[in-house]
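Visitor: The structure is given below, and queries will be raised subsequently.
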Amino acid sequence: MTFQLLILASFVALTIGYLVGDSRSLLSLTPFTGNGGFTAITAGAAVAAYSFLGFDAVSTLTEETHDAERTIPRAIVLIALIGGAIFVTVAYVVSLVAPGSSFPDADSLSEGVARTIGGNLFAAVFLAALIIGQFTSGLAAQAAVSRLLYAMGRDGVLPRRVFGVVSAKFHTPMFNIMLTGAVGMAAILLSVATSTSFINFGAFTAFTLVNVSVVVYFVRECGAGLPRWRYLVLPVIGAAADIYLLAHLASDALIVGLSWAAIGFLYLLWLTRGLTRQPPDLAGAAERG
């Protein structure tokens, strides 16, 4: 982590040095303007959703955290703020060095910018940090997903004998870890654009349901003195925006996402015997933490 932060700081510093040496301004509205119209805004919103996903995954480690009720919410907020500041800063300086489509290969843009501002040596170091970061991110995702699958298995949402057990030797949910790793390896076969669309389908679906849940809560409580703009107006706007972005994802993402959602709904029908029973509650995991 220290190495990655050092590389990011060096990246920003070298970028600033390059811009100053090239007599370019460090303050520019160019990254916030353009002629792409509303389509560019929606594309940017999709990128933002993809970039800011995952900070809440720390909540899956509630049971392993001391004073989780205070620590976990603080950690989520800090991760969002720190990660957001890093993302915005790096995206801003990169857009100044490489405005528009000045680099022919968008998939290797970061490596190309690193080579431009720091030469071959820094590009090699930056690429090494990028690879290390990918492994770090993958391990964090694997830990979060396997832990969530274990909680769902233990609480009866998924088959308990498969997902809700831990290894007697390692005291970890080995099956969930291997399953998560296998799915992650299979994702290598997908392009960046396709995998991003798949992830954004889940993100926008979750965002929509969260907003709808707030509206349902407001209606169920008949207002109950709750601020209307906060519990009704903003969630409605948020849900509408998410649905719009969801509808404009790639067709493959919509087909796979809707098919997966249909499978989940059928499983819910089976689990609740046709919605005649209450589904298992995962809230108990947080309470036990």
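The values are calculated or read from the model by the stated rules, or taken from the named source; none is laboratory data. The structure presented is a predicted model; accordingly, all values stated were derived computationally and were not measured. Don't worry about glycine lacking a Cβ; one is built from the backbone with ideal geometry, like all the others, and counts go over all protein chains shown.
Visitor: Take GLY138 and decide whether it is at pLDDT below 90 and touching a Pro at 6+ places or on another chain (Cβ under 8 Å).
Guide: The answer is no for GLY138.
Visitor: Anything in the range 231-247 that is without any contact (Cβ under 8 Å) to a residue 60 or more places away in the chain and either more than 25 Å from ASN200 (Cα to Cα) or hydrophobic (A, V, I, L, M, F, W, C) (or both)? List them, or say none.
Guide: LEU232, VAL233, LEU234, VAL236, ILE237, ALA239, ALA240, ILE243, LEU246, ALA247
Visitor: Here's another thing I want to ask about it. Suppose we filter the range 142-169 for residues that are touching a helix residue (DSSP H, G or I) at 6+ places or on another chain (Cβ under 9 Å) and not in a helix (DSSP H, G or I); how many remain? If you could, list the steps in order and put the result at the bottom.
Guide: Our first condition is that a residue be touching a helix residue (DSSP H, G or I) at 6+ places or on another chain (Cβ under 9 Å); within the range 142-169, this holds for 142-167.
Now drop any that are not not in a helix (DSSP H, G or I), which leaves 155-159, 164-167.
Residues flagged as touching a helix residue (DSSP H, G or I) at 6+ places or on another chain (Cβ under 9 Å) and not in a helix (DSSP H, G or I) within the range 142-169 amount to 9.
Visitor: Additional query: For ALA124, all conditions in the list (1) modelled with pLDDT of 90 or more; (2) exposed (fewer than 13 other Cβ atoms within 10 Å of the Cβ); (3) not basic (Lys, Arg) hold save one; what is the number of the exception?
Guide: Condition (2) is where ALA124 drops out.
Visitor: Next question, about the same structure. Among what's in the range 270-289 and is surrounded by 12 or more Cβ atoms within 10 Å (Cβ to Cβ) and at pLDDT 85 or above, pick the residue that is farthest from THR196 (Cα to Cα).
Guide: So, considering only residues that are surrounded by 12 or more Cβ atoms within 10 Å (Cβ to Cβ) and at pLDDT 85 or above, the one farthest from THR196 (Cα to Cα) is THR272.
Visitor: I'd like the full set of residues that are surrounded by 17 or more Cβ atoms within 10 Å (Cβ to Cβ) and not small (Gly, Ala, Ser), limited to the range 45-60.
Guide: PHE55, VAL58, THR60
Visitor: In addition: From the list GLY156, GLY184, GLY83, GLY138, which one is under 30 Å from SER25 (Cα atoms) and either free of Cβ contacts under 8 Å to residues at least 40 places away in the same chain or of a type outside the set (Asp, Glu) (or both)?
Guide: One residue alone meets the criteria, GLY83.
Visitor: Of the conditions (1) under 25 Å from ILE79 (Cα atoms); (2) charged (D, E, K, R); (3) buried (at least 16 other Cβ atoms within 10 Å of the Cβ); (4) over 18 Å from the mean Cα position of the chain (by Cα), ASP155 clears all except one; give me its number.
Guide: The number of the failed condition is (1).
Visitor: In this structure, does PHE135 turn out to be aromatic (Phe, Trp, Tyr), surrounded by 14 or more Cβ atoms within 10 Å (Cβ to Cβ) and assigned to a helix (DSSP H, G or I)?
Guide: no
Listed here are the residues, each with its yes/no results for (1) assigned to a helix (DSSP H, G or I); (2) surrounded by 15 or more Cβ atoms within 10 Å (Cβ to Cβ); (3) within 24 Å of the chain's Cα centre (by Cα).
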| residue | (1), (2), (3) |
| --- | --- |
| THR196 | yes, yes, yes |
| PHE207 | yes, yes, yes |
| VAL212 | yes, yes, yes |
| VAL215 | yes, yes, yes |
| PHE218 | yes, yes, no |
| GLY225 | no, no, no |
| ALA239 | yes, yes, yes |
